[in-house]
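S.K.: Once you've had a glance at the structure underneath, I'll fire off some questions.
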Amino acid sequence: MAATPSRIAEITPEIEAVAQAAGCELVYAELKGGVLRLFVDKPEGVTLADCEHVSRQVSALLDVLDFGAGRYVLEVSSPGLDRQLYKPRDYERFAGRLARVTYEDPETGKKRTDVARLQGLRRAEGEPEESARVLLEDGRTGEVRELPLSNVKLARLEIEL
């Protein structure tokens, strides 16, 4: 079967299980230009040995699943210090951290990028994750602004020294 982004979505649960068995969390999987990139993490940090182990196990899984009729490259790495935030739980997990958030301004419809401190997510009980609101604190004024998560185009942690 051809290696496609939809095929990645199909096998992501199996890749997650492999990462979990290695003591890691699959943060994100993407297929771009013949490169299958997996980002894995764990609370104490990912080591090279963790990446190698997950790579070997996922490579074997992909062979069994007959992933990709063509050639592809498998990369397994840590999301890094300036990691991208992919899932709603990332905004909760990294509350208190500085982030660069690119979003569509709900008032003007224009794209904006702000650096602000994450204060987590807000959503009503029973409300789907997609309707959650990201809480961002302005570092100069201390004002906390709510932004629909669906408006966020890219969010990445800032490295703080």
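Every number in this text was worked out from the coordinates using simple rules, so none of it is lab data. Please read these numbers as outputs of a predicted model, since none were measured by experiment. Methodologically, a virtual Cβ is constructed for each residue, glycine included, from the backbone with ideal geometry; neighbour enumeration extends over all protein chains shown.
S.K.: Which value in nm describes the separation of the simple spin-label points at residue 84 and residue 63, placed 7 Å from the Cα toward the beta carbon?
M.R.: 3.0 nm
S.K.: Separate question: Could you please report the charge total around residue 57, scoring K, R as +1 and D, E as -1 over all other residues with beta-carbon less than 14 angstrom from its beta-carbon? Display every interim value, and only then the final one.
M.R.: Numbers: positive: 56; negative: 14, 16, 50, 52, 63.
Within the 14 Å Cβ shell, the charges total -4.
S.K.: Go through 55, 13, 45 and say which Cα lies farthest out towards the positive end of the charge dipole of segment 5-77; charges sit on Cβ, +1 for Lys and Arg, -1 for Asp and Glu.
M.R.: Sorting the options by dipole projection puts first 55.
S.K.: Enter the angle in degrees (range 0 to 90, nearest 10) between the Cα long axis of helix 48-64 and the first principal axis of the Cα atoms of the chain, meaning the one along which they spread out most.
M.R.: 60 degrees
S.K.: Which order do the peptides 96-107, 120-131 take when ranked by the mean count of other beta-carbon atoms within 10 Å per residue, highest first? Before the final figure, lay out each step's value.
M.R.: On the way: 96-107: 14.5, 120-131: 11.0.
Packing order, densest peptide first, comes out as 96-107, 120-131.
S.K.: Work through the residues other than residue 8 whose Cβ is under 12 Å from its Cβ and net out their charges, Lys, Arg +1 and Asp, Glu -1. Before the final figure, lay out the partial values.
M.R.: Numbers: positive: 7, 32, 37; negative: 10, 14, 16, 30.
Spelling it out: positives minus negatives among the neighbours equals -1.
S.K.: Return the long-range amide H neighbours of residue 85 (sequence gap of 5 or more, or a different chain), with a cut-off of under 5 Å between placed amide H atoms.
M.R.: 155, 156, 157
S.K.: While we're here: Tally Lys/Arg at +1 and Asp/Glu at -1 over every other residue whose Cβ is under 12 Å from the Cβ of residue 136; what's the total?
M.R.: On the way: positive: 97, 100, 112, 117, 122, 133, 145; negative: 114, 137, 138, 143, 146.
After counting each charged neighbour, the total is +2.
S.K.: Relative contact order of the chain: what whole-number percent is it, with Cα pairs under 8 angstrom and at least 6 residues apart?
M.R.: Taking the mean separation of contacting Cα pairs over the length of the chain, I get 19 percent.
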